[in-house]
Amino acid sequence: MKERLEELQQEALKKVDQADSVQGLKDVRVEYLGKKGPITEVLRGMGKLSKEERPVIGQLANDVREHIAQAIETKQTALEDAALEKQLEEESIDVTLPARPVKIGGPHLLTSIVEEIEDLFIGMGFEIKEGPEVETDYYNFEALNLPKGHPARDMQDSFYVTEELLMRTHTSPVQARTMGAKDGSEPVKMICPGKVYRRDTDDATHSHQFTQIEGLLVDKNVRMSDLKGVLNAFAKQMFGADREIRLRPSFFPFTEPSVEMDISCKVCGGKGCSVCKGTGWIEILGGGMVHPNVLEMAGYDPKEYSGFAFGMGPERIAMLKYGVDDIRHFYTNDIRFLEQYHKA
Ligand SMILES: [Zn+2]
């Protein structure tokens with residue numbers, strides 16, 4: 001029995017030594033020290049031994065168990081240390097690798113254009129005004145000489161919240177609100193940039209949401225030549241000192257007379273090319289002298305006060321200035337498009 005125990009001990013220690021994983025060690029423990037293991041088996045046979053032999057074998061069996069358990073524990077610690085060592089080695093930081101580039105954002109092209117236009121008009125003494133994007137029918141249409149049933153309302157089909165509330169179709173209501181707040185005596189000199197909404201089908205040149213900047217100047221003795229002077233300064237600053245402007249007659253319900261402004265084509269210098277469709281001119285914005293009805297509704301006496309107004313689309317300005325061929329680029333947020341226009 002003594003030999004059997006010594007044999008088992010040697011066998012077990014050898015297996016412990018050979019085990020190369022924590023699971024392998026567990027298997028050895030179960031095999032030799034488990035309730036169904038050979039040592040337990042030996043102990044069960046102790047009944048056949050003499051009184052003198054029993055404690056000797058019992059002691060030996062305990063020593064063998066102890067010995068194997070100790071060996072398993074030592075080996076387990078060694079295996080765990082090795083595993084940790086290996087993991088640390090694999091996860092070590094290679095400081096020679098180049099760092100991932102830090103992505104730095106920048107203003108959206110439209111934001112840059114709007115800010116550039118704002119700066120330009122602030123330089124000419126205009127104030128920046130803002131107003132609500134959900135607007136009343138009164139401010140969006142009626143105060144701008146577009147009574148209910150006016151055919152020009154059809155050109156601005158919009159998203160209605162209720163019968164009397166809608167997503168504003170232009171930034172003109174901000175002009176009506178600003179004039180209305182002045183009591184009909186103070187002059188107004190403002191621009192209003194902001195988002196506007198129309199029920200348009202999105203394509204390369206149309207979007208259901210876009211940006212507008214309108215301008216308004218109301219004072220005594222404001223003339224058409226003042227409008228032309230301001231727009232000429234704007235065009236030269238925005239598109240280059242060599243650009244010419246021309247005004248063509250047009251129609252808007254809130255201005256009388258109304259004009260469209262073109263700038264000379266940069267590509268052909270006015271000779272005519274595919275960009276300007278052979279005309280030498282490119283349409284930029286609309287404007288005109290504030291309609292007497294609009295002045296009157298805002299509390300100004302049209303016999304004493306006059307004014308001019310104009311409106312432009314920053315998308316169109318950006319498309320012309322940077323050769324962007326599709327308005328949807330501004331709204332789909334493709335980083336490859338946007339980052340081309342981040343200023344350094
Ligand atoms: Zn041209």
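Couple of notes before you dig in:
- Distance between modelled label sites at residue 3 and residue 80, nm, 7 Å Cα→Cβ extension: 4.0 nm
- Cα centroids of region 142-176 and region 239-301: 22 Å apart.
- In loop segments of region 201-252 as defined by DSSP, the trypsin sites (Lys or Arg not before Pro) with at most 14 further C-beta atoms inside 10 Å of their C-beta are 220, 223.
- Residues with amide H under 5 Å from that of residue 244, placed H, sequence gap 5 or more: 264
- Sequentially through region 79-94, phi angles give Karplus couplings (6.51, -1.76, 1.60; θ = phi - 60°) of 5, 5, 4, 5, 4, 5, 4, 5, 4, 4, 5, 5, 8, 5, 8, 8 Hz, Gly and Pro residues having no value and appearing as x.
- Rounded to the nearest 20, the Cβ-based charge dipole of the chain about its Cα centre (Lys and Arg +1, Asp and Glu -1) stands at 340 debye.
- Assigned charges on the beta-carbon of Lys, Arg, Asp, Glu; region 243-344 dipole about Cα centre (debye): 520 debye
- Rough spin-label spacing in nm, given labels placed 7 Å along Cα→Cβ, for residue 43 and residue 66: 1.4 nm
- Karplus-derived 3J(HN,Hα), 6.51/-1.76/1.60, for each residue of region 262-269, Hz, glycine and proline x: 10, 10, 5, 5, 6, 5, 9, x
- Amide H contacts of residue 250: 258, 259, 260, each under 5 Å away and 5 or more positions distant or on a separate chain (H built 1.01 Å from N in the peptide plane; Pro and chain starts excluded).
- Secondary-structure-derived ellipticity at 222 nm for the chain, considering helices only, amounts to -12500 deg cm²/dmol, per-run term -39500 (n - 2.57) for DSSP H runs with n ≥ 4.
- Near the amide H of residue 286, within less than 5 Å, lie the amide hydrogens of 261, 311, all on another chain or at least 5 residues away, with H placed in the peptide plane.
- Cysteines (scope the chain) whose Cβ has no counterpart Cys Cβ under 4.7 Å: 192
- The length gained on full extension between residue 142 and residue 275, counted as 0.36 nm times the residue separation minus their Cα-Cα distance, comes to 44.1 nm.
- Note, ³J(HN,Hα) from phi for region 223-240, Karplus 6.51, -1.76, 1.60, rounded to Hz, x at Gly and Pro: 10, 4, 5, 5, 4, 4, x, 5, 5, 5, 4, 4, 4, 5, 5, 7, 10, x
- Viscosity 0.692 mPa s, temperature 37 °C, Stokes-Einstein D of the chain from Kirkwood C-alpha radius, µm²/s: 121 µm²/s
- Helix 2-18 axis versus longest C-alpha principal axis of the chain: approximately 20°, rounded to the nearest ten.
Read-outs throughout are calculated quantities, based only on the coordinates presented, and are distinct from any laboratory measurement. What you see is a predicted model, and the numbers here were worked out from it, not measured in a lab. As a convention, Cβ positions derive from the backbone with ideal geometry for all residues, glycine included, and neighbour counts pool all protein chains shown.
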